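Here's the structure we're looking at; comments come further down.
The values are calculated or read from the model by the stated rules, or taken from the named source; none is laboratory data. Here the structure is a predicted model, which means the values were calculated and not measured. Here the Cβ positions follow ideal geometry from the backbone for every residue, glycine too, while neighbour counts run over all protein chains shown.
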């Protein structure tokens, strides 16, 4: 999943190592994949656009890790921000407009892109807050929002209502900053090496299964829905446990 944590955390211009340009190269690759994702979305190939988004998200996650390990430059930081806006905001917005057609579809697509970019700007500003938790996102990550929209567009290209509905739901979740979502990249880095390898293999297996069976959109959509439902499931479990504990004390 994309690492929306700013690469400035690594001290971009302060760390000088021979591999400091690796993070920049990954960011530029992500930006290029984002542009290609937009082009395929405009052509009505949301399935290819989704695949490019997933590939870009991998680069996005790796560039943050590379910057923290080897350093980077401000060019890479800028490329990272631009790539996020293109891949997670503009490309899904274009897919909505291409699927829905007409003025209404264009309006929904533009609104989605603008609100997603607004969410990214908010994240950039909020990360400097003393109360910011780098292990969690406030609001649904834009990466997951883009995956949901492109997956629905790929699975139901003849159903503009479904695509617009999906865009509306994930937009509301992205800008509802009271909701908290686990940062999967940071969570994976905190795991033991074997556990980290297992998570990586599971991710590769899901993508490989989707490609081989031509069901990448279905696999991505299922994983995204499970992720966005996780905070509600955790809250429901906590509430149920609290209720049971309270009843047990009253007996």
Would you mind finding the one in 79, 10 that is touching a helix residue (DSSP H, G or I) at 6+ places or on another chain (Cβ under 7 Å), at pLDDT below 75 and within 27 Å of residue 139 (Cβ to Cβ)?
10
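Table: residues versus (1) modelled with pLDDT of 70 or more; (2) farther than 15 Å from residue 85 by Cβ; (3) surrounded by fewer than 24 Cβ atoms within 10 Å (Cβ to Cβ).
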{"residue": "28", "(1), (2), (3)": "yes, no, yes"}
{"residue": "34", "(1), (2), (3)": "yes, no, no"}
{"residue": "38", "(1), (2), (3)": "yes, no, yes"}
{"residue": "50", "(1), (2), (3)": "yes, yes, no"}
{"residue": "56", "(1), (2), (3)": "yes, no, no"}
{"residue": "60", "(1), (2), (3)": "yes, no, no"}
Among 55, 107, 103, the single one that is farther than 16 Å from residue 153 by Cβ, in a helix (DSSP H, G or I), touching a helix residue (DSSP H, G or I) at 6+ places or on another chain (Cβ under 9 Å) and free of Cβ contacts under 8 Å to residues at least 12 places away in the same chain is 107
Would you mind telling me which numbered condition in (1) surrounded by fewer than 24 Cβ atoms within 10 Å (Cβ to Cβ); (2) at pLDDT 75 or above residue 46 fails?
(1)
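Conditions (1) surrounded by 22 or more Cβ atoms within 10 Å (Cβ to Cβ); (2) within 15 Å of the chain's Cα centre (by Cα), marked per residue:
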{"residue": "85", "(1), (2)": "no, yes"}
{"residue": "90", "(1), (2)": "yes, yes"}
{"residue": "112", "(1), (2)": "yes, yes"}
{"residue": "126", "(1), (2)": "no, no"}
When (1) under 17 Å from the mean Cα position of the chain (by Cα); (2) surrounded by 24 or more Cβ atoms within 10 Å (Cβ to Cβ) are applied to residue 99, the one that fails is (1)
